[in-house]
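Written below as structure tokens is the structure these notes are about.
The numbers here are math on the coordinates, done by the rules we state, and not lab data. This one's a predicted model, so the numbers in the text were calculated from it and none came from an experiment. Heads up, the Cβs are rebuilt from the backbone with ideal geometry, glycines too, and the neighbour counts pull from every protein chain shown.
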Amino acid sequence: MSLVKATLCALIASLSIVGLASESTVSKHANSHNLKPQQGQKVLMKIKNFVEQKRPGINQISHTDGGTSTKDFTPLKVTEKMLWADESQFMAIQKAVITPWIEAFKKSNTTDFRKLLSLKYIGDRFNYALGSARITRGTIAEYQWKQNPMAISTSRMAKKDSSNYLKQFKNIHDFDLTTVAVVSPRQWRGKNLAIKKAELQVRYDLRGITKSGDRRQDRGPIKVIVALHGKTWKIESIQFWGMQTLASKSPAFKEVTASSGLNAIPEYQRIEAIRRGGYAMSLNDYDNDGILDMYVGAHGPGKLLKGQSDGTYKVAVNSGIADHSYVKSAIFSDFNNDGEKDLLIVAFVPHDPKVEGGDRRSDLILYKNLGKGKFSRVQSVKESTPSSYAMPATVADYNNDGLLDFYVGFPGVKDFTTLAKVPHKAGNKVQGIYTNLGNWKFGSKKTKLTETSISKFMDTQQIYPHSALSVDFDQDGDMDIVVVDDRGRLSPAYQNVGNGEFKQVAQQIGMVNRGYGMGVAAGDYDNDGRLDMLWTNVNFVAKDRLNFNRDQWHADSVPLLDNGGLKAFKGMGRGQFADVTKVLGLEYAGEGMAGVEFLDYNNDGHQDIYLANGLWSGTDEKQDLSSLFVHSTLKNDHGERVFMEIRHKTQSNFMDIL
């Protein structure tokens, strides 16, 4: 099987140390980190060869696992090779039947779908008679598919059956089949234990507009049996295990990007790693005219946008806010208690106090709101400790003195993409709380974070902050802090113990999140008066398959990180939490989780969940790099580089396929 070659890591372009970065500075920095195509090809070939595993000999595998070895257990190194050999075979299966099935349904091409089936195919019929709704919430009705065990579809019937199903849709907006597990017992394998037949456990998701105008989503788990017929993979059976349909006669939201004028904001080609997430967006009424305004960060200069009475936005002119690039966090807050919303800007750039002259720093920038839509920069954040690339920020009054303080995390140049060598300069700050001393002075010595359960990492950097949230999670009247770690370690929950001191208590309170953390949100989903929490992590389905396959090969000690994309914790009172992810049916919400929020979008008094997900691995839908990514991040460090190449029109601006 050929694996798609791709850049898994990318360049973080920095600003100049003093002031704002010029285009030439960024260009020079970028070029110094880029590799020429020839160099890139060599590195990518190394990655490919590293990931691809030849299936071990049958004599190396224990008889308990179907091999000929007399040992009771297969050695871990041999088991690992089996895991990756099976994953490589699955990628071939996906290319042969799963991807073509997706393409056929998107085009409502049942002829091409029929070609994927074996002549002896027998499966469930596609449902095209929904019946009565099981549950109705507002404009959304939920239906449960009812499968008649006597109504089966054969190879000859499949074309008509699938055609009747797809004819219900006027337009198919999206269709996806996500394989979360591959089952292949010994009797379905060849002499060398290569897969000849397999059961694919798949999540089915089709979305479109019906001929009656309803917005409809069909989703649920299905079982797909595939087998080799000669040298060609064919589908032998499809069974629906618990399909549901959601249908809505009217949309809950209306797209207004163009009519609001927000589509006129300049767009910038980003060249830093996709793992760095999005840029800042903060909404508030900074000029007190009763209309929400916003600040939007970007790879280029950020923009202050003034809200208009007609719902449109215009770039604020002569506001006093300079053109700051690489702004990852922006927060409107009243830092001096004068009733005006000031602005904190956090930029993803390095900070060296010896070069920047103490309080004239380019990463933490504060603007005082002078009133009438005018701002003035204040030199207020003094610090003698160098830091590296600020990203998350959150604001609260941590010491209850009536003045707002703020937390900032400094993940540094690298985070979750590399689990091996991590160049982090000893002594560089990775996170900190900046205490408001009054008169626009902030210090970082008054408040400190105390680690109690996070052991020291392999280097001096213990945490890679991606997001942060100020929240009174123990509801004792003072503000605590939760920080989302982006490198597979424990995301800390810092409990405010008074006197400006914090204690890390994530494990003690039952709120344990490990993974490539992205987002966190707080709300009361069950209206019991207790705070509940949501956490998101970048999850890859390839890791689900590997974890499942690991259990098949009795390799319990093979180290694969937690892969929970969305985790829900219910507040139990007295600052304790319980993991209720599976109880709420949230164990699978997609792939590549990102931001998350509690939101009562339909105003029914119950908190709903908005979740951003779907990290696109590859430059088009046929190119799935998740297996390559997972293996690479678990096993090696291939450097943080961008490989320079002329981009094809289908290629993205952040990941090249060479």
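Some observations on this one:
- Backbone phi angles across segment 531-538, fed through the Karplus curve with coefficients 6.51, -1.76 and 1.60 (θ = phi - 60°), yield HN-Hα couplings of 6, 10, 9, 10, 10, 10, 9, 5 Hz in residue order; Gly and Pro are listed as x.
- Note on K314 and N164: with the Förster distance fixed at 51 Å, the Cβ-Cβ geometry gives a FRET efficiency of about 0.50.
- A crude spin-label estimate for the pair T64 and A133, with each label 7 Å from Cα along the Cβ direction, gives 5.3 nm.
- Shape category assigned to segment 476-540 from the gyration tensor of Cα positions, a/c cut at 1.5: oblate
- Peptide packing for 464-475, 316-327, 399-410, 572-583 was compared via the average number of neighbouring C-beta atoms within 10 Å per residue; ordered from the highest value, the list is 464-475, 399-410, 316-327, 572-583.
- Rounded FRET efficiency, nearest 0.05, which uses the C-beta distance separating F73 from V256 and R0 of 41 Å: 0.10
- Placing +1 on each Lys and Arg Cβ and -1 on each Asp and Glu Cβ, with no other charges, gives segment 247-345 a dipole about its Cα centre of roughly 620 debye.
- Under the Karplus curve 6.51 cos²θ - 1.76 cosθ + 1.60, θ = phi - 60°, whole-Hz ³J(HN,Hα) for segment 289-296, x wherever Gly or Pro sits: 9, x, 10, 5, 10, 8, 10, 10
- Whole-Å distance, taken between Cα centres, linking segment 76-106 and segment 383-413: 45
- FRET efficiency, 1/(1 + (r/R0)^6) with R0 51 Å, evaluated for D579 and H229 via beta carbons: 0.70
- Neighbour net charge for V317 - beta-carbon separation under 12 angstrom, K R +1, D E -1: +4
- Cβ-based charge dipole, segment 112-215, positive-most Cα from Y165, V183, T154: T154
- Cα-based shape type of segment 565-612, given that a ≥ b ≥ c are square roots of the gyration tensor eigenvalues and the cut on a/c is 1.5: oblate
- Taking segment 115-136 and a reference point 7 angstrom along Cα→Cβ of K249, the backbone N atoms nearer than 20 Å belong to 129-136.
- Around the amide H of G67, modelled in the peptide plane, lie the amide H atoms of S62, all under 5 Å away and 5 or more residues distant in sequence or on another chain.
- The slack between M281 and S212, meaning 0.36 nm per residue of separation minus the straight C-alpha distance, is 21.1 nm.
- Gyration tensor verdict on segment 291-341 (Cα atoms; rounded if a/c is under 1.5, prolate if a/b is larger than b/c, oblate otherwise): oblate
- Pairs from the table (K160/K223; K159/K254; K54/K120; K254/K567; K196/K582) lying more than 27 angstrom apart at Cα are K159/K254; K54/K120; K254/K567; K196/K582.
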